[in-house]
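The structure is given below, and queries will be raised subsequently.
The numbers here are math on the coordinates, done by the rules we state, and not lab data. Computed from a predicted model, the values in this text were never measured in an experiment. Virtual Cβ from ideal backbone geometry, glycine too; neighbours counted across all protein chains shown.
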Amino acid sequence: MIDANAVAKEISAKKVAKKHIAANFDNKTIDAKLKVNFNNGKTKQSLTVNMKIIKDEVIWLKGSKFITVFKAKITPTSVSYYSPVFKNYFEGDFSMIEDLLGVEINFEQLQNLFLGQSLLNVKENKQEVKIENNRYILFPEKQAELFDIFFTINPSHFKLDKQSIVNVSKGLRLDVTYPSYNLIEKVVFPSEINIKAKNEKSITDINLSYKSVFFDTDVKMSFNVPNGYKRLEF
């Protein structure tokens, strides 16, 4: 149940963090279809993306535009990608995704990004809270040395409306906004995600909208890099 009229009442930061963690996604698999618009100033692309997730194990993506444009397989330790269009591939660590988003990111954080959960563990550090525009703004009592982090939490379901990671000295900023959620099989799940990654050289906009979402199905994930493709370096 999503109560659109919920009011952000005065409660402790600890309680807000606890409720956000309690709202975490608990199903085992996701099989989703998304519409993705990508724009980094140089490349503007609109794709249909099939996304399959086995929670905490693997994220599989296939981007299509009439034909398969790319496939990617991401595990906690590796990122693999290939493109039949450009005849290239990548196998390695998260440097490719970090290059795309402009900030360091690991598997759990990427998974959380798709689910409307905080990129950082709100239980790990002592948090503070303030209320703005009927939303809870949760942030570490002691901000990290390099980054300032803010989580905007919706009082109706305690998932995120927005999360921001800012590094002023390096001119980096990552904003992930969740304009709306749907109730799917009693699970509160994002229906849209807008990602804005900014560094000193460029701004990348990635807008995702979920077209269909199924949980706990038998997901199949084929991934084989064809012979003769050129290796990408990051």
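Note down the magnitude of the dipole of the chain about its Cα centre, charges +1 on Lys and Arg C-beta and -1 on Asp and Glu C-beta and zero elsewhere, to the nearest 20 debye.
For the chain, the charge dipole is close to 540 debye.
On a C-alpha basis, how far is the centre of region 144-222 from the centre of region 70-119 in Å? Whole number, if you could?
Answer, in whole Å: 15.
Of 144, 110, 60, which is farthest on the positive side of the dipole of the chain, counting Cα position, with +1 on Lys and Arg Cβ, -1 on Asp and Glu Cβ, and the Cα centre as origin?
My answer, from the dipole projection, is 60.
Let me ask another. As I understand it, the dipole of the chain uses +1 on the Cβ of Lys and Arg and -1 on the Cβ of Asp and Glu, about the Cα centre. Which of 157, 177, 127 lies farthest toward its positive end?
Among 157, 177, 127, the one farthest towards the positive end of the dipole of the chain is 177.
Quick one: which residues, 5 or more positions from residue 182 or on another chain, have an amide H under 5 Å from its amide H? H modelled 1.01 Å from N in the peptide plane, none for Pro or chain starts.
Amide H neighbours of residue 182: 189, 191.
Give the peptides 115-122, 74-81, 178-185 in descending order of average Cβ contacts within 10 Å, highest first.
Final packing ranking: 115-122, 74-81, 178-185.
Can you give me the angle between helix 13-22 and the longest principal axis of the chain, using Cα atoms only, in degrees from 0 to 90, rounded to the nearest 10?
40
Let me ask another. A 27 angstrom limit on the alpha carbon distance is what I want to check against. Which of 33/87; 35/170; 198/220; 87/170 exceed it?
35/170; 198/220; 87/170
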